[in-house]
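The values are calculated or read from the model by the stated rules, or taken from the named source; none is laboratory data. Please read all numbers here as calculations on a predicted model, not as lab measurements. As a convention, Cβ positions derive from the backbone with ideal geometry for all residues, glycine included, and neighbour counts pool all protein chains shown.
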Amino acid sequence: MLDVEIARKAVPARGGPRTVIEGLRLTLAREEIVALVGPSGCGKTTLLRIIGGLDTRYEGAITWAEGVRPRIGTVFQEPRLLPWRTVRQNIALVRPPNPAEAESLLALLGLAPYADLHPPALSLGMARRAAIARAFAVEPTLLLLDEPFVSLDPAMAEQGRAVLATAWRTRRCAALLVTHDLAEAASLADRILLLSEGPARVVRELVVPEGSRRRGIAEGARVAAALT
């Protein structure tokens, strides 16, 4: 559904433009999850911004299946919830109100008990779940996930990954997951693309065995060790 070719992406820097992505190519199939793993600062977030249409200043091309841009849901590193609206109201913002759909999504992601709370009353893990719910509420064809579980303790991160996997199974879509954690990538993705130090390019592709996909972080760690 997606073919990405970035010949060059540069950003302003002292002394002149700094190239952050160069010679990068990737493809993504329908209902496939691909993880992008690379060192901090190598250009992973910039790549997601380009694919999501938030950054148009680059050399290259983003080609969509049949020339049609899909509906995109995005989960940022920070939840970016409106603090003056409840969890339920934050989710309702992205689409016309559909009470039955909203309640189904809240229940699916374990948010029903917190639906009428405001974001400041939530833990970071619960706020990230709410952000995932908001992304799925747009009924995306493509989901962009920028390190959605970074800085969470291991137990909370694993709960978040389980919730994401459950939501994906019931509302399947293509997804690009940015992470620095190879075990996390192997626990969620069908394929893993390893990126170089900046400027980012794909240096290796790892295919997660079908029987090991989305089976938790312990299995992800085992698969990651076997693949590398």
Problem set entry | Matching residues, segment 113-168, being touching a strand residue (DSSP E or B) at 6+ places or on another chain (Cβ under 9 Å), more than 16 Å from LEU93 (Cα to Cα) and not in a helix (DSSP H, G or I) | THR141, LEU142, LEU143, LEU144, LEU145, ASP146, GLU147, PRO148, PHE149, VAL150
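Residues are listed down the side, and each one gets a yes or a no for (1) buried (at least 19 other Cβ atoms within 10 Å of the Cβ); (2) among the acidic types (Asp, Glu); (3) in contact with a Pro (Cβ under 7 Å, 6 or more places away or on another chain):
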position	(1), (2), (3)
THR141	yes, no, yes
PRO154	no, no, no
ARG172	no, no, no
PRO209	no, no, no
ARG214	yes, no, no
GLU219	no, yes, no
For this session: Return the residue satisfying two criteria in turn: it lies in segment 1-50 and is over 13 Å from the mean Cα position of the chain (by Cα) and among the basic types (Lys, Arg), and of such residues it is surrounded by the fewest Cβ atoms within 10 Å (Cβ to Cβ).
Result: ARG14
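Can you pull out every residue in segment 82-137 that is of a type in the set (Lys, Arg) and more than 24 Å from GLU158 (Cα to Cα)?
Going through segment 82-137, the residues of a type in the set (Lys, Arg) turn out to be 85, 88, 95, 128-129, 134.
Once the filter is applied, which keeps residues that are of a type in the set (Lys, Arg) and more than 24 Å from GLU158 (Cα to Cα), segment 82-137 yields ARG85, ARG95.
Just wondering, is there one or more residues in segment 117-124 that are surrounded by 13 or more Cβ atoms within 10 Å (Cβ to Cβ) and without any contact (Cβ under 8 Å) to a residue 24 or more places away in the chain? Spell out how you get there, then give the answer.
First, pick out the residues of segment 117-124 that are surrounded by 13 or more Cβ atoms within 10 Å (Cβ to Cβ): 117-119, 121-122, 124.
Now narrow it down to the ones that are without any contact (Cβ under 8 Å) to a residue 24 or more places away in the chain: 121.
For segment 117-124, residues surrounded by 13 or more Cβ atoms within 10 Å (Cβ to Cβ) and without any contact (Cβ under 8 Å) to a residue 24 or more places away in the chain: present.
Being crowded, with 16+ Cβ neighbours inside 10 Å and in contact with a strand residue (DSSP E or B) (Cβ under 7 Å, 6 or more places away or on another chain) is the filter here; which residues of segment 174-186 pass it? Please lay out each step first, then the result.
Pass one, segment 174-186, residues crowded, with 16+ Cβ neighbours inside 10 Å: 174-179, 181-186.
Passing the criteria: ALA174, ALA175, LEU176, LEU177, VAL178, THR179, LEU182, ALA185, ALA186.
Each row is one residue, and each column tells you yes or no for (1) assigned by TED's automatic domain parsing to the domain that holds SER151; (2) within 22 Å of GLY160 (Cα to Cα).
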{"residue": "THR45", "(1), (2)": "yes, yes"}
{"residue": "TRP64", "(1), (2)": "yes, no"}
{"residue": "GLU101", "(1), (2)": "no, yes"}
{"residue": "LEU105", "(1), (2)": "no, yes"}
{"residue": "LEU108", "(1), (2)": "no, yes"}
{"residue": "ALA112", "(1), (2)": "no, yes"}
Problem set entry | Looking only at segment 171-211, and only at residues there that are of a type outside the set (Lys, Arg) and in contact with a Phe, Trp or Tyr (Cβ under 9 Å, 6 or more places away or on another chain), the one that is nearest to LYS44 (Cα to Cα) | THR179
Exercise. Looking at (1) closer than 18 Å to ASP146 by Cβ; (2) surrounded by 13 or more Cβ atoms within 10 Å (Cβ to Cβ); (3) touching a residue at least 60 places away in the same chain (Cβ under 8 Å), which is the one condition that is false for ALA65?
Worked result: (1)
Exercise. Among the residues of segment 88-109, is any touching a helix residue (DSSP H, G or I) at 6+ places or on another chain (Cβ under 8 Å), of a type in the set (S, T, N, Q), crowded, with 19+ Cβ neighbours inside 10 Å and at pLDDT 90 or above?
Worked result: yes
